[in-house]
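Everything below concerns the one structure shown next.
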Amino acid sequence: MSLNTFGHLFRVTTWGESHGPALGATVDGCPPGVPIDAGMIQHWLDRRKPGQNKYTTQRREPDEVKILSGVFEGQTTGTPVQLMIENTDQRSKDYSDIMEKFRPGHADITYWQKYGIRDYRGGGRSSARETAARVAAGGLAREAIKAMLPGVQITGYMTQMGPHQINRDRFDWEEIENNPFWVPDAKAAVDWADYLDGLRKSGESVGAIIEVVARGVPAGLGAPIYGKLDTDLAAAMMSINAVKAVEIGEGMASATLTGTTNADEIFMGPDGPEYSSNHAGGILGGISTGQDIVVRFAVKPTSSILSTRKTITKSGEETEIITKGRHDPCVGIRAVPVGEAMMACVILDHLLLHRGQVGESRGKIG
């Protein structure tokens with residue numbers, strides 16, 4: 001049974017390992033006639049690739065994507081699109097010491113317990129390297145969305161690094177692209193740089209919270225009960241390596257609100273319904289409201305650190321381990337474009353589902 005595929009109509013299957021010759025994605029169900037070339041996808045991969053600054057892993061991968069099928073004369077044909085990214089800077093020798101040991105916080109031990117075999121070179125499929133394939137698929141999804149709904153914008157950013165949060169009063173959409181942390185708060189970017197630099201030099205790591213917003217999504221996407229838009233968004237974000245929690249809208253904080261506060265009041269505006277607030281994160285009953293769709297997820301600290309940790313071997317002997325190699329001091333930085341890609345894939349999938357079942361939304365107001 002294959003569990004490397006997600007999506008209903010827009011289906012993405014990722015393949016490959018961290019230290020294998022290549023990795024990539026097979027995308028089935030992309031509509032025909034979508035203008036696409038490798039450069040359009042490369043733009044999004046360049047935002048995720050490692051080694052761009054001192055705050056990310058120094059593994060030097062160009063992440064150059066190749067389109068092997070499904071595109072002819074600059075347009076998708078409606079057949080499977082095969083995307084491939086070669087690995088060029090593997091240093092598998094860095095992992096020889098952990099061949100028999102399990103790294104605390106990693107999936108080493110569970111992969112071994114389940115399969116009885118594991119690729120210890122960088123974690124194999126459990127490595128964050130796999131997310132490059134998702135970003136490539138997300139680039140294709142963005143272009144398909146643009147062709148169908150050109151007003152949709154998908155933007156991710158960090159809202160917290162360790163204990164440090166952004167100041168929402170200083171939120172600036174234009175600032176997100178101006179700093180290495182994708183943070184919409186210029187002062188926070190400066191403060192976080194000093195904080196993370198200290199952790200990086202000491203061989204430590206830290207977690208983060210990423211928020212992804214889809215603006216311009218029409219009302220009506222998603223379906224009741226088992227086809228909820230937020231169900232698929234939560235699953236998509238939780239599937240990202242190192243993610244340990246997902247929220248939609250107010251998320252966990254909604255438990256602290258009263259019904260009066262939480263209910264987003266509805267008014268009639270010149271172009272249709274308008275809302276007093278967006279505690280629901282743009283989704284009610286699993287169906288989009290037309291407001292901004294807001295998803296938030298938490299990424300744990302990178303488990304590969306230079307501190308000595310206690311562990312066991314495959315034979316059950318107690319030992320200690322130090323994880324060598326090149327690792328992100330805060331993997332949340334490169335998780336931002338990954339979250340955007342997963343949002344794009346899910347939005348496109350539900351747009352196709354909606355179009356197939358309903359066509360144009362039927363419930364007119366006003």
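The values are calculated or read from the model by the stated rules, or taken from the named source; none is laboratory data. Note that the coordinates shown come from a computational prediction; the quantities given were computed from them, not determined experimentally. Backbone-built Cβ (ideal geometry, glycine too); neighbour counts: all protein chains shown. Remember, those area values only see protein heavy atoms, side chains included, never the ligands or the DNA or RNA. Shrake-Rupley method; radii C 1.70, N 1.55, O 1.52, S 1.80 Å.
Computed from backbone phi, the HN-Hα couplings of segment 208-219 come to 7, 10, 10, 10, 10, 10, 10, 9, x, 6, x, 5 Hz, rounded to whole numbers (Karplus: 6.51 cos²θ - 1.76 cosθ + 1.60, θ = phi - 60°; Gly and Pro given as x). Under 19 Å of direct C-alpha separation, and excluding same-chain neighbours fewer than eight residues apart, Lys66 reaches these aspartates and glutamates: Glu17, Asp28, Asp37, Asp46, Glu86, Asp89, Glu130, Glu143. Taking Ile248, Ile166, Ile145 as the candidate residues, the one with maximal mean-square fluctuation in a Gaussian network model of the chain, Cα springs under 10 Å, is Ile166. Can you give the helix-only mean residue ellipticity at 222 nm for the chain, where every DSSP H stretch with n ≥ 4 adds -39500 (n - 2.57) and the sum goes over all residues, rounded to the nearest 500 deg cm²/dmol? Mean residue ellipticity, 222 nm, calculated: -8000 deg cm²/dmol.
Once each of the GluC sites (Glu not before Pro) sitting in a DSSP loop with at most 11 other beta-carbon atoms within 10 Å is removed, the chain keeps 74-264 as its longest stretch. Exposed loop sites here are trypsin sites (Lys or Arg not before Pro) assigned a DSSP state other than H, G, I, E or B and surrounded by at most 16 other beta carbons within 10 Å; excluding them, the longest clear run of the chain is 92-313. Taking 10 °C and 1.306 mPa s as conditions, segment 277-342 diffuses translationally at an estimated 101 µm²/s according to Stokes-Einstein applied to its Kirkwood radius (Cα pairs). Aspartates and glutamates within cross-link reach of Lys187: Cα-Cα under 19 Å, excluding same-chain residues under 8 positions apart? Once the sequence-local aspartates and glutamates are set aside, what remains near Lys187 is Asp169, Asp172, Glu174, Glu175, Glu177, Asp197, Glu211. Exposure check, 1.4 Å probe, all protein chains in place: His279 carries approximately 40 Å² of accessible surface. Partners of Lys300 within straight-line reach, counting aspartates and glutamates whose Cα lies under 12 Å from its Cα and excluding those fewer than 8 residues away in the same chain: Asp328. Of all complete DSSP H helices in the chain, those with a Cα span along the helix axis of 18 Å or greater and a mean Kyte-Doolittle hydropathy of -0.5 or more are 131-148, 186-201, 332-357. Sequence-distant contacts, meaning Cα pairs under 8 Å at least 6 residues apart, place the relative contact order of segment 256-366 at 15 percent. Is the C-alpha gyration tensor of segment 169-290 telling us rounded, prolate or oblate? Criteria: a/c under 1.5 is rounded; beyond that, a/b larger than b/c is prolate, otherwise oblate. Prolate shape, in that a/c is at least 1.5 and a/b is the bigger ratio. The mean sequence distance of close C-alpha pairs (under 8 Å, at least 6 residues apart), as a share of the length of segment 179-314, puts its relative contact order at 37 percent.
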